[in-house]
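Trainee: A single structure is presented below for examination.
The values are calculated or read from the model by the stated rules, or taken from the named source; none is laboratory data. Keep in mind that what you see is a predicted model, and the values were worked out from it rather than measured. Cβ coordinates were reconstructed from backbone atoms using ideal geometry, including for glycine residues, and neighbour counts include every protein chain displayed. Only protein heavy atoms, including side chains, enter the accessible area calculation; ligands, DNA and RNA are left aside. Shrake-Rupley method; radii C 1.70, N 1.55, O 1.52, S 1.80 Å.
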Amino acid sequence: MMRIELVKRPQRSALFSVLSPFIAFALTMIAGGIMFALLGVNPLDAFNIYFIQPISEVWQLHELAIKAAPLILIAVGLSVCYKANIWNIGAEGQFIFGAIFGSIIPVLFPQFEGPLVIPLMLLLGMVGGAFYASIPAFLKTRFSTNEILTSLMLVYVAQLFLDWLVRGPWRDPQGHGFPQTIQFGDSAVLPELMPDAGRANWGILFALVAAVAIWLMMSRMLKGFEVRVLGSSPRAGRFAGFGFNRMVFFTFLLSGALAGLAGISEVSGAIGQLQPVISPGYGFTAIIVAFLGRLNPLGIVAAGLVLALTYLGGEAVQSALGISDKVARVFQGMLLFFVLGCDTLIHYRIRLIGMALTKANGTAQLEAAPKLEEAR
Amino acid sequence: MDITVNILLTIATAATPLLIAAIGELVVERSGVLNLGVEGMMIMGAVGGFGAGYLTGSPWIGLLAAIIVGALFSLLFAVMTLSLATNQVATGLSLTLLGLGLSGMIGTSFVGQPGVRLPNLDIPGLSSIPVVGRLIFGQDPVFYISIALTAAVMWFLFRTRTGLTLRSIGDSHTSAHALGIKVIRYRYLAVIFGGACAGLAGGHLSLVYTPQWVENMSAGRGWIALALVVFASWRPWRVLAGAYIFGAVWIGQLHAQAFGIPVPSQFLSSLPYLATIVVLVLISRNKRLTMMNTPASLGQPFVPDR
């Protein structure tokens with residue numbers, strides 16, 4: 001029987017704050033290899049299909065960018081929330097509402113065309129996401145209702161609302177009864193960046209701009225400082241005159257707007273119409289992206305690309321090996337687990353101690369105990 | 001009369017998984033740990049229960065498997081948050097995400113397969129008493145487990161010394177540790193108990209409620225169970241009341257859909273989730289009640305010093 005003992009480090013380990021995502025990734029690979037072996041697939045073949053083949057050609061990199069864009073956009077917003085110790089986990093719902101608000105123009109006013117359409121749609125998307133995020137923020141500030149549960153419940157409501165829209169009032173009358181809206185007109189489709197090379201659209205640029213902007217805010221501006229102070233010590237923040245309720249609204253509206261932008265970009269760029277399901281769980285996967293990126297916007301860009309690859313890899317193993325594409329979700333979940341576990345190394349040293357041996361006297365323990373002290 | 005009895009029976013069936021999962025989480029939270037992985041543990045229990053029942057043909061083995069799978073899955077959370085002192089909110093979330101993915105992968109081959117159903121209790125004579133017969137003597141076995149579990153947890157938390165110790169840990173792990181109480185050990189056991197309960201609740205879904213495997217079949221029930229604990233301000237009998245209210249809402253909207261009430265079905269389907277929000281608002285606006293009952297060290301990581 002082994003016991004794990006944590007020894008607090010005098011200060012956080014710079015080494016491990018850099019290394020921990022990589023250790024986590026390596027551990028995920030090992031666990032994933034075991035999983036593939038259990039499924040009766042040669043792990044090396046599976047890894048090749050999962051992680052290498054989906055990004056071996058230029059057009060595939062465009063697909064990666066399409067998947068990474070919403071993840072990064074949502075995750076940078078969430079990182080601000082989580083830094084402030086405010087838990088918005090309803091980004092999936094805000095994503096959907098952004099998509100719905102943004103789609104008002106192409107669905108209800110298809111005759112409206114021109115260069116203004118896209119900017120207006122994006123703006124409405126952000127408004128929609130922010131509006132939907134303001135509900136849990138309002139309930140938290142006004143009634144101190146737990147924001148984790150309310151924001152999550154609203155995801156289900158948003159999914160059902162979208163389902164009703166595309167089956168009911170917004171259904172394409174010429175769509176042969178399929179639950180979908182009309183195809184967006186040309187001026188409502190987010191342009192592709194390099195149409196000759198692949199499908200990637202402006203969404204990835206939005207994501208990169210948002211990441212840099214939030215990074216500047218968090219590291220160079222007073223607002224970012226406020227977020228960090230309130231997150232690590234609400235009391236100190238109060239003494240400094242930073243309003244907690246204002247912060248709740250700020251973080252929720254910001255992350256909601258970014259999730260909404262991701263939603264409308266996805267619908268306008270990658271899908272081209274509203275459907276009952278418009279997201280393979282981007283809003284939840286973005287939580288993993290935020291943590292894998294260490295809640296740092298620049299780290300989140302890298303993490304977003306990694307998680308986007310897990311989606312592509314999941315599709316690849318499904319078609320090549322006949323394994324369920326749910327394998328992507330498993331990879332994502334394992335990755336988050338290992339990231340959180342490895343982050344412990346930043347603040348603590350870990351000792352594994354044999355239960356029986358700790359009771360022996362000191363010298364025997366020094367000589368014989370399988371005491372593994374990980375990297376001081 | 002028959003319709004009323006039938007509706008009451010379906011409400012009980014809908015309330016049972018909520019009750020079991022919430023009672024388990026209540027014990028976990030009373031020990032000061034916030035496990036947001038209920039949804040994940042529940043869905044793992046559902047797939048494990050269905051799988052074991054389907055492969056062996058015995059719903060009882062299925063139920064047992066559901067409990068074991070839930071407990072084992074919660075162990076993952078326990079090691080992370082208790083031994084490695086990770087953030088409980090993030091770890092719980094990842095448990096849910098992992099559970100939803102893993103269950104989907106495991107369950108691929110179960111989709112569309114006929115499941116086995118746990119038979120209802122049938123006591124000759126007693127079960128055929130009009131009205132109360134079926135309500136009291138003719139329900140599924142898990143229903144009785146859920147009621148017994150609630151009573152047992154009430155007794156344990158408020159009438160035993162160990163229960164008192166558990167609550168004291170939840171209120172101040174530092175003081176409890178200073179008194180020589182094994183905080184981490186208690187919490188491990190509490191988390192595993194919560195996992196077993198969530199697994200059992202999942203097993204009820206796939207072995208009684210709808211004896212088949214459908215991806216994401218827990219449909220947010222784990223989250224509603226979490227909300228129920230807050231709603232109940234950490235008291236078992238209020239969890240019982242809350243679970244039945246939610247069971248009634250859940251069944252009510254299904255019946256409304258069946259009766260063809262001229263409201264889009266999606267709006268009716270969203271009622272349980274909206275009701276959860278409303279109920280949370282109502283309970284949390286009463287700050288005194290919430291503050292008084294919330295375990296004081298809920299969600300805070302604890303690292304024993306030597």
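Trainee: May I ask you to rank A:His62, B:His177 by accessible area, largest first, using a 1.4 Å probe over the protein chains only?
Mentor: The residues order as B:His177, A:His62, largest area first.
Trainee: To continue, here is another question. Using modelled amide H (1.01 Å from N, peptide plane; none on Pro or chain starts), what sits under 5 Å from the amide H of A:Tyr348, excluding residues fewer than 5 places away?
Mentor: Distant-sequence amide H within range of A:Tyr348: A:Arg9.
Trainee: Is it possible to state the helix-based mean residue ellipticity at 222 nm for chain B, with each DSSP H run of 4+ residues giving -39500 (n - 2.57), the sum divided by total residues, to the nearest 500 deg cm²/dmol? What is it?
Mentor: -22500 deg cm²/dmol
Trainee: Between B and A, buried accessible area summed over both sides at probe 1.4 Å, in Å² to the nearest 100?
Mentor: 4000 Å²
Trainee: Roughly to the nearest percent, how much of the accessible area of segment B:1-146 is carbon and sulfur, given a 1.4 Å probe?
Mentor: The nonpolar share, carbon plus sulfur, comes to 75 percent.
Trainee: Which residues of segment B:43-82 bury at least 20 Å² of accessible area once all protein chains are present, versus their chain alone (1.4 Å probe)?
Mentor: For segment B:43-82, once contacts with the other chains are taken into account, B:Met80 lose 20 Å² or more.
Trainee: Taking chain A as a Gaussian network, where each spring joins two C-alpha atoms under 10 Å apart, which residue of A:Thr251, A:Thr145, A:Thr285 fluctuates the most?
Mentor: A:Thr145
Trainee: Amide H of A:Asn201 versus every other amide H placed in the peptide plane: which residues, excluding those fewer than 5 positions away on the same chain, fall under 5 Å?
Mentor: A:Leu193
Trainee: Would you mind giving the mean number of other chain beta-carbons within 10 Å of the Cβ of each residue in A:157-165, as a whole number?
Mentor: Average per residue, whole number: 5.
Trainee: Take every residue in peptide B:259-265, count the Cβ atoms of other chains within 10 Å of its Cβ, and give the average of those counts.
Mentor: 2
Trainee: Same structure again: Where the centre of each part is set by its Cα atoms, how far does segment A:180-225 sit from segment B:166-203, in angstrom?
Mentor: Computed from Cα coordinates, the inter-centre distance equals 45 Å.
Trainee: Over all residues in B:277-290, what is the mean tally of Cβ atoms on other chains that come within 10 Å of each residue's Cβ?
Mentor: Mean partner-chain Cβ count within 10 Å for B:277-290: 4.
Trainee: Right, another one. For segment A:299-311, take each phi angle, set θ = phi - 60°, evaluate the Karplus expression 6.51 cos²θ - 1.76 cosθ + 1.60, and give the result in whole Hz per residue in order, putting x for glycine and proline.
Mentor: My calculation for segment A:299-311 gives x, 5, 4, 5, 4, x, 5, 4, 5, 4, 5, 5, 5 Hz in order.
Trainee: Kindly report, to the nearest 10 Å², the accessible surface of A:Glu92 as traced by a 1.4 Å probe over protein heavy atoms only.
Mentor: Estimated to the nearest 10 Å², A:Glu92 gives 10 Å².
Trainee: Quick one: what are the phi-derived ³J(HN,Hα) couplings along segment A:65-81, Karplus 6.51/-1.76/1.60 with θ = phi - 60°, whole Hz, x for glycine and proline?
Mentor: Listing the rounded values in order: 5, 4, 6, 6, 4, x, 4, 5, 4, 5, 5, 5, x, 4, 4, 5, 4 Hz.
Trainee: Another one. What number, rounded to the nearest 500 deg cm²/dmol, is the helix-based mean residue ellipticity at 222 nm of chain A, given -39500 (n - 2.57) per DSSP H run of at least four residues and division by all its residues?
Mentor: -22000 deg cm²/dmol
Trainee: A further question on this structure: Output wanted: per-residue J couplings in Hz (rounded whole) for segment B:208-218, from phi through Karplus 6.51 cos²θ - 1.76 cosθ + 1.60, θ = phi - 60°, x for Gly and Pro.
Mentor: With the stated coefficients, segment B:208-218 comes to 10, 4, 9, x, 7, 10, 10, 4, 6, 5, 6 Hz.
Trainee: Taking a probe of 1.4 angstrom, what is the accessible area of A:Glu226 in Å², to the nearest 10?
Mentor: Approximately 20 Å² of A:Glu226 is accessible to the 1.4 Å probe.
Trainee: Also: Quick one: compute the contact order of segment B:2-293, relative version, from alpha carbon pairs under 8 angstrom and 6+ residues apart, as a percent.
Mentor: Contact order relative to length: 35 percent.
Trainee: Provide the solvent-accessible area of B:Val132, counting protein heavy atoms only and rolling a 1.4 Å probe, rounded to the nearest 10 Å².
Mentor: About 70 Å², rounded to the nearest 10.
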